[in-house]
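The values are calculated or read from the model by the stated rules, or taken from the named source; none is laboratory data. Just so it is clear, the model here is predicted, and its values are computed rather than measured. Here Cβ is always computed from backbone atoms with ideal geometry, including for glycine, and neighbour counts include all displayed protein chains.
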Amino acid sequence: MDPVFRELHSGLDREAPGDEATTRAALRLTGLSGPVDILDLGCGPGASALTLLAALPEARVTGLDLHAPFLETAGRRAAEAGFGDRFTAVEADMAAPPFPLASFDLVWSEGAAYSIGLEAALAAWKPLLRPGGRLAFSDAVWLTDRPDPRAAAIWAEYPAMTDAAGVWSRIEAAGFARLGDLVLSDAAWDDYYRPLAARLAALEGRHGAGHPALREAREEIAVRRAHSGEYAYMFFVAAR
């Protein structure tokens, strides 16, 4: 991993668009309560896990990520919030989660499924759910079939990106029942991009605005401002 890219993303509260209000709204769509077992895949530095733990005082959350520093941050934040006894960090690949079948009531993932492909994610995650368990994840979707070339370039590394109907068709083909969905608000994007932009400005002063990792991040933020009507993040909630 490029050290400047690592520096850019170190210490951020979250690694994808999202906010507490969105996480809580998606959680309500699951209908779950009580002492449930939750698996947060690609948990990053723990933003969604903290919200889930606060919203469900009897729940236990296992946060899985491949990046050990994220897990260390998530564990520290959970402990500082008083949730340390209900949070477990696991360093592993979300494409092959190292858990027994039917271990969880809820599989959760914010902005991470694309990294292994949605079909692969659904196939790997479904067996981890108990009968009647819930799946909740956010994913990028197109709002137009003719995106601006700059917007298309931003998402070039996600060639399977589709619209909401396309995501639902994949979810249902994997054997899940639809419960609901929601579109992430501008505030949810701001919760990710505002601190990222501040970090970006500081690093450009040290490494120069022409550094590839910084130039790409600046373009990503600029394209979102210019073409927000062409793509979105959506939360999808389904039942096994």
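Observations
- Some residue of region 128-140 being in contact with an Asp or Glu (Cβ under 7 Å, 6 or more places away or on another chain) and more than 18 Å from L41 (Cα to Cα): no
- Complete set of residues in region 11-54 that are within 17 Å of G84 (Cβ to Cβ), of a type in the set (A, V, I, L, M, F, W, C) and part of a helix (DSSP H, G or I): A47, A49, L50, L52, L53, A54
- Count of region 15-55 residues which are out of contact with any Ser or Thr (no Cβ under 6 Å at 6 or more places or on another chain) and surrounded by fewer than 20 Cβ atoms within 10 Å (Cβ to Cβ): 14
- Among the residues listed as A173, A202, the single one being modelled with pLDDT of 95 or more and more than 21 Å from the chain's Cα centre (by Cα): A173
- Residues of region 195-217 satisfying the condition of being surrounded by fewer than 12 Cβ atoms within 10 Å (Cβ to Cβ) and either in contact with an Asp or Glu (Cβ under 6 Å, 6 or more places away or on another chain) or among the basic types (K, R) (or both): R206
- Filtering region 96-115 to residues that are of a type in the set (S, T, Y) and surrounded by 21 or more Cβ atoms within 10 Å (Cβ to Cβ) leaves only S109.
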